[in-house]
1. I'd like the orientation of helix 71-85 relative to the chain: the angle between its Cα long axis and the longest Cα principal axis, in ° from 0 to 90, rounded to 10.
2. Rounded to whole Hz and in sequence order, give me ³J(HN,Hα) for segment 142-159 from the Karplus expression 6.51 cos²θ - 1.76 cosθ + 1.60, θ = phi - 60°, writing x for Gly and Pro.
3. Just to be sure I follow the rule: in segment 66-135, considering lysines 8 or more places apart or on different chains, how many pairs have Cα atoms under 19 Å apart?
4. Mind pulling the angle between the C-alpha long axis of helix 176-191 and the longest principal axis of the chain? Nearest 10 degrees, somewhere in 0 to 90.
5. Output ³J(HN,Hα) for segment 162-174: one whole-Hz value per residue in order, computed from phi by the Karplus curve 6.51 cos²θ - 1.76 cosθ + 1.60 with θ = phi - 60°, and x for Gly and Pro.
6. Counting only GluC sites (Glu not before Pro) that are in a DSSP loop and have at most 16 other C-beta atoms within 10 Å, tell me the longest site-free stretch of the chain.
7. Helix 219-230 sits at what angle to the longest principal axis of the chain, using alpha carbons and giving 0 to 90 degrees rounded to 10?
8. Within straight cross-link reach of LYS41, meaning Cα distance under 18 Å, which lysines are found once same-chain residues fewer than 8 apart are removed?
Amino acid sequence: MCIRDRLEETEKILEQYRDRLEEKVELRTRELTLARDELAKNLEKLRRIMKGIVLTIVRMVEAKDPYTAGHQQRVSKLAVAIAKKLGLPEDQVNCIETASILHDIGKINVPAEILTKPGKLDDIEFMLIKMHSATGYEILKSIEFPWPVAEIVLQHHERMDGGGYPKGLKGDEISLEALIIGVADVVEAMATHRPYRPSLGIEAALSEITEGAGKRYDPDIVNACIALFEEGYEL
């Protein structure tokens, strides 16, 4: 066999090998695509299940306190809008959505007569209300969320100047997620009806966070929140 014939035979063998290799690569690619699609479906299913469980817990808390029914959902909606306005990544937005919808779960341990009391709370009653952040942390800390939800719930009443509770944290000691929820919580609480007072209105709520920007509240969060309402956002 001459050298040319050997070269042609070698080329044919290589071409057959390449064709088989391409077939294997194509088959493996299809398998990986199917596996990826199945994984995405399962992850979405898990997200829907988790969201359903979270909403069920929220309804249990709100059933105890009809005056604030919808409060946690409205806070969550506003907190998510602020997070998006700040340009936070999707995973962090999802974290804020979950933590904010659960931020008042600790109120399930507060007597209903205190939650719905029409008059001013006395010192002991107010102390019991203030315990809801820590109670929420205790309820949530054993749940393996993909984010530090329990810690965020614990911190949502902390303020940058150290005047919040339960630990009196300051500045960078407070997570960004908790600071966002804190602003959304203040705005929603002031702008809606409560058993002990009528709504103070959105203008009063925005005035509160504006005056507290850089002191009690993060100024970037405040600016994002105000911008949303200037653009027509409604609670």
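1. Its long axis makes an angle of about 50 degrees.
2. 8, 8, 8, 5, x, 9, x, 4, 4, 5, 5, 4, 4, 9, 5, 9, 6, 10
3. Values: LYS77/LYS85; LYS107/LYS117; LYS107/LYS120; LYS107/LYS130; LYS117/LYS130; LYS120/LYS130.
Lysine pair count for segment 66-135: 6.
4. 40 degrees
5. Computed from phi, the couplings for segment 162-174 are x, x, x, 8, x, 10, x, 5, 10, x, 5, 6, 9 Hz.
6. On the way: sites that count: GLU144, GLU231, GLU234.
That gives 1-143 as the longest site-free run.
7. With both axes taken from Cα atoms, the answer is about 90 degrees.
8. LYS51
Bear in mind these aren't lab numbers, they're just calculated from the coordinates by the rules spelled out. Just so it is clear, the structure is predicted and the values come from calculations on it, not from any experiment. Cβ: placed from backbone, ideal geometry, glycine included. Neighbour counts: every protein chain shown.
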